[in-house]
Amino acid sequence: MKAKLLQILTAVLLITAGMRAQELASVAGAFVDVGYGARPMGLGGAYVGLANDVNAVIWNPAGLTNIQSKEVTFSFHNQFGLVKYNYLGYAMPYNSGLDGLGAAFIYSGDEAMTEMTVQVSYGRKVWKDLTVGGSLKYRRSSFGNNTIGGDDYRIFEPDEISMAQLNQVKGAADGFGFDIGVLFKVNDKVNMGIMLKDIYSPVFWDSKVDNPAVKAKGSYSELVPFESVIGTSFKISDNFMFTADYLPTLSKDVYNKIRGGAEIRLFNFLFLRAGVQNNINNVEDERIVLGTGLKFKIFGGRFVFDYTNVIESLANTSRLTFGLEF
């Protein structure tokens, strides 16, 4: 067991060192992870060391081995009241509980800019208390498909509108990526997790304009920033638990982060959650998270409803999730 853990930790260090050597930017320009699923976000986004439901598909695929039945979830929110995000996830046990399978679909944006991610995930128990998992992603984006019309911009002259239409940048992008997750059961109360997200995730862009006298940027590529997370969950009782994540950064332009949360179950069907997200710096930029959830039997399965409100200085954002376990 110690040898396996040493191999895993060695792999983590090698990958991390490789990402540092490439000097990648740590601020995402596209396909930003805003946190999906009301339950994980209700725990402050500290979910890597727990990952015990369908949300493991995107938070830590190693947790798919915790799935006891088929689960489907749909979540949506309007980030800062500006950008709409939709997330659909599915997970199921496989091979007598030794393995777990999952898939996710994420869609955001509008005609001006849309982003789509399709993801498949797999988790496998390699030892009685150790599971590993991986995810493959396909990404697609398009931009500049919105119409620039005079009725929308009446402060401009017709020739100015025509010039804007002629020089409007349009294009699309395709990309892929992969993640690796690890989950280790320390004992009946404590789990530890590691998530290496977007280890290598290039996006290939292509842009153009209708004006032959103007040259767009054309074809180019960029990487979605790599992210590493170390997480834990602590089960105090069957109805009360804590979670915590630490996100070390490899770049000076991004701070190290900590996330934490707690969940209480009441009457066997009602859940109360609270959490916090914070950059390790001297700036007051923490996020306070409050959430609740319901889970009850229906038609031979269980219906799941979760709500979370993320409170921060710029604007608050609410998340809603509906799900079924069957």
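Observations on the model:
- Matching residues, region 288-320, being at pLDDT 95 or above, in contact with an Asp or Glu (Cβ under 9 Å, 6 or more places away or on another chain) and either part of a loop (DSSP other than H, G, I, E, B) or closer than 22 Å to V34 by Cα (or both): I288, G291, T292, G293, V304, R319, L320
- Being modelled with pLDDT of 95 or more and either part of a helix (DSSP H, G or I) or surrounded by 14 or more Cβ atoms within 10 Å (Cβ to Cβ) (or both) holds for only one residue in G100, G18, and it is G100.
- Residue within region 311-320 that is among the charged types (D, E, K, R), closer than 20 Å to V229 by Cβ and touching a His at 6+ places or on another chain (Cβ under 6 Å) present: yes
- W127 vs. criteria in contact (Cβ under 8 Å) with a residue 24 or more places away in the chain and crowded, with 24+ Cβ neighbours inside 10 Å: no
- Residues that are of a type in the set (G, A, S) and in a strand (DSSP E or B), drawn from region 103-120: A103, A104, S108, G109
The rows are residues; the columns are (1) charged (D, E, K, R); (2) exposed (fewer than 13 other Cβ atoms within 10 Å of the Cβ); (3) over 16 Å from the mean Cα position of the chain (by Cα).
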| site | (1), (2), (3) |
| --- | --- |
| G181 | no, no, no |
| M192 | no, no, yes |
| K215 | yes, yes, yes |
| S221 | no, yes, yes |
| E227 | yes, no, no |
| G231 | no, no, no |
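- Residues being among the aromatic types (F, W, Y) and either on the phi > 0 side of the Ramachandran plot or outside any strand (DSSP E or B) (or both) - total across region 48-89: 2
The values are calculated or read from the model by the stated rules, or taken from the named source; none is laboratory data. Since we're looking at a predicted model, the values are computed, not measured. Here Cβ is always computed from backbone atoms with ideal geometry, including for glycine, and neighbour counts include all displayed protein chains.
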